[in-house]
1. Identify, please: which residue in segment 101-110 is in contact with a strand residue (DSSP E or B) (Cβ under 6 Å, 6 or more places away or on another chain) and hydrophobic (A, V, I, L, M, F, W, C) and is, among those, farthest from ALA138 (Cα to Cα)?
2. Write out, first by first residue and then by second, each pair whose Cβ atoms fall under 9 Å of each other, whose residues are 6+ apart or on separate chains, and whose first residue, in segment 25-37, is under 14 Å from GLY52 (Cα atoms) and modelled with pLDDT under 70 while the second is in a helix (DSSP H, G or I) and among the small types (Gly, Ala, Ser).
3. Looking at (1) assigned to a loop (DSSP other than H, G, I, E, B); (2) over 23 Å from LEU37 (Cβ atoms); (3) polar (S, T, N, Q), can you tell me which one GLN135 breaks?
4. Look through ILE98, ILE113 and report the one residue that is closer than 21 Å to LEU143 by Cβ, β-branched (Val, Ile, Thr) and either part of a loop (DSSP other than H, G, I, E, B) or touching a Phe, Trp or Tyr at 6+ places or on another chain (Cβ under 8 Å) (or both).
5. Within the bounds of segment 61-69, is there any residue that is of a type outside the set (Lys, Arg), modelled with pLDDT of 95 or more, assigned to a loop (DSSP other than H, G, I, E, B) and over 21 Å from GLU86 (Cα atoms)?
6. Quick one: GLU86 ticks every box in (1) part of a loop (DSSP other than H, G, I, E, B); (2) modelled with pLDDT under 95 bar one, so which box is it?
7. Could you identify the single residue in ALA76, ALA61 that is under 9 Å from the mean Cα position of the chain (by Cα), under 29 Å from ASP127 (Cβ atoms) and surrounded by 24 or more Cβ atoms within 10 Å (Cβ to Cβ)?
8. So, in segment 98-112, how many residues would count as being closer than 23 Å to THR66 by Cβ and buried (at least 24 other Cβ atoms within 10 Å of the Cβ)?
Amino acid sequence: MGREDHGHGGRGRRLEVGGGVGGLSRPGRPGDRVRKLIGRGKELEHPLVLVGSSMGGYVSAAAASTLGASGLFLLAPAFYMAGYEEYTPQDVACPTVITHGWHDDIVPVENSIRWAREHRAALHLLDSGHRLEDQIEAICLSLRAFLLALAQPT
């Protein structure tokens, strides 16, 4: 957990960081992971921005509407996976950014392109693979820009 102050009259913005909220980084059935995130997410301060990678991206998107998330930042989300297409979240109403590697050999990049097109999500395609480990700096810049945009008054 950290606290950032951006000169908002002393009001800091709380930032919770963890390797999977409440153990969500551990393998488990996707439905169980969604329920666990919803349970934990209800305890957190709002506005709430969910960030997830691969199956964690699916979990974040599936929980977003229930939690009233203000935004989603997804890395190679496990959408439209063969045999599980019907489980891809469709009721997402918050601003969403997807980052995906062109060379992903686990989640086809076409799945993110399809979801982004259907939901008018921002999409960043990078010269990388599934883990995007060689693109951390670009991802951090994108996340920072997304959070700043969400913080702007509408």
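1. Filtering segment 101-110 for residues that are in contact with a strand residue (DSSP E or B) (Cβ under 6 Å, 6 or more places away or on another chain) and hydrophobic (A, V, I, L, M, F, W, C), the one farthest from ALA138 (Cα to Cα) comes out as VAL109.
2. Partner pairs satisfying both residue conditions: SER25/GLY56.
3. It fails just one condition, (1).
4. It is ILE98.
5. Looking for residues that are of a type outside the set (Lys, Arg), modelled with pLDDT of 95 or more, assigned to a loop (DSSP other than H, G, I, E, B) and over 21 Å from GLU86 (Cα atoms), one finds at least one in segment 61-69, hence yes.
6. So the condition that GLU86 fails would be (1).
7. Testing whether each residue is under 9 Å from the mean Cα position of the chain (by Cα), under 29 Å from ASP127 (Cβ atoms) and surrounded by 24 or more Cβ atoms within 10 Å (Cβ to Cβ) leaves just ALA61.
8. Residues that pass the stated criteria total 2.
The values are calculated or read from the model by the stated rules, or taken from the named source; none is laboratory data. Keep in mind it's a predicted model, so treat the numbers as computed, not measured. When we count neighbours, we look across all protein chains shown, and the Cβ atoms used for this are built from the backbone with ideal geometry, even at glycine.
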